[in-house]
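Colleague: Below is the structure I would like to discuss, written out as structure tokens.
The values are calculated or read from the model by the stated rules, or taken from the named source; none is laboratory data. Note that the structure is predicted; figures quoted are calculated from it, not measured. Cβ: placed from backbone, ideal geometry, glycine included. Neighbour counts: every protein chain shown. Protein only, heavy atoms only, side chains kept; ligands, DNA and RNA dropped before computing areas. Shrake-Rupley method; radii C 1.70, N 1.55, O 1.52, S 1.80 Å.
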Amino acid sequence: MGVEVRGLTELEGAILSEIEHRGHRTAFQVRRAFAESFSLEWRGSAGAVYPAVRRLERERLLSASEPAGGRKTRTLALTAIGREALLTWARDPLLSSSSGVDPFRLRAGIWSLLPEPEKIALLSDVEAHIKQQIALIEGHVHDLDPVEAIRIGLVLDHQRERLRQIERWRR
């Protein structure tokens, strides 16, 4: 819509999406969503939420209501510039297709160098953790909003593909 904004980081895009699409209207709710994430990497970003929200406010991508009734809680909303920045971020084909940080992929090549008994034991442990995570996630899929349902579906597909890869390595 003609407004030039800098590119968002993944954290900033995720924060704006939490506010706009998932109904998390306070910085505390956004931080809690990160802290409760199934992804260890996003969980670790929870402490970065408050500084990022303040930065997004300074850049006028977010507005915040004044606290009412003696509470310090402010309700957050995307501005028109914030919505445009979020859509620009979501539409970026290069960043959307990035393979990103993948702890499994980063370690997999090293696993091939391990002595066979150690590798087999490690793969069994990794497989068990993946299965636990799938079970945990599947226990929560009934409570998801439409945006999170798509994201979690992709996580489940990704984890199941990891299990298939472990099975191929065993053959």
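Colleague: Mind pulling the per residue volume of the convex hull built on the Cα atoms of region 95-158? Å³ is fine.
Modeller: In region 95-158, the Cα convex hull volume per residue is 85 Å³.
Colleague: Follow-up question, since we're still on this one. What does the C-alpha gyration tensor say about the overall shape of region 4-103? Classify as rounded when a/c is under 1.5, otherwise prolate if a/b is larger than b/c, or oblate.
Modeller: Working: a/c = 2.35, a/b = 1.30, b/c = 1.80.
Judged from the Cα gyration tensor, region 4-103 comes out oblate (a/c at least 1.5, b/c at or above a/b).
Colleague: Out of VAL30, VAL53, VAL141, any idea which swings most in a Gaussian network model of the chain, alpha carbons joined below 10 Å?
Modeller: It is VAL141.
Colleague: On the accessible surface of the chain, probed at 1.4 Å, how many percent belong to carbon and sulfur atoms?
Modeller: Here it works out to 58 percent.
Colleague: Let me ask something else. Whole percent per 5 Å bin, from 0 to the bin with the longest distance: what is P(r) over all C-alpha pairs of the chain?
Modeller: Once binned at 5 Å, the Cα pair distances of the chain give 1, 7, 14, 17, 16, 14, 10, 8, 6, 4, 2, 1, 0.
Colleague: What does the charge dipole of region 1-137 about its Cα centre add up to, to the nearest 20 debye, if the Cβ of each Lys and Arg holds +1 and the Cβ of each Asp and Glu holds -1?
Modeller: The dipole of region 1-137 has a size of about 620 debye.
Colleague: So, one more: Can you give me the C-alpha center-to-center distance between region 10-48 and region 51-124, rounded to a whole angstrom?
Modeller: After rounding, the separation between the Cα centres reads 8 Å.
Colleague: Mean-square fluctuation check for the chain, GNM, Cα pairs under 10 Å: which of ILE130, ILE110, ILE81 is largest?
Modeller: Result: ILE110 has the largest fluctuation of those listed.
Colleague: Also, quick follow-up: For the chain, what does the helix formula give at 222 nm: sum of -39500 (n - 2.57) over DSSP H segments with n ≥ 4, over the residue count, nearest 500 deg cm²/dmol?
Modeller: About -19500 deg cm²/dmol.
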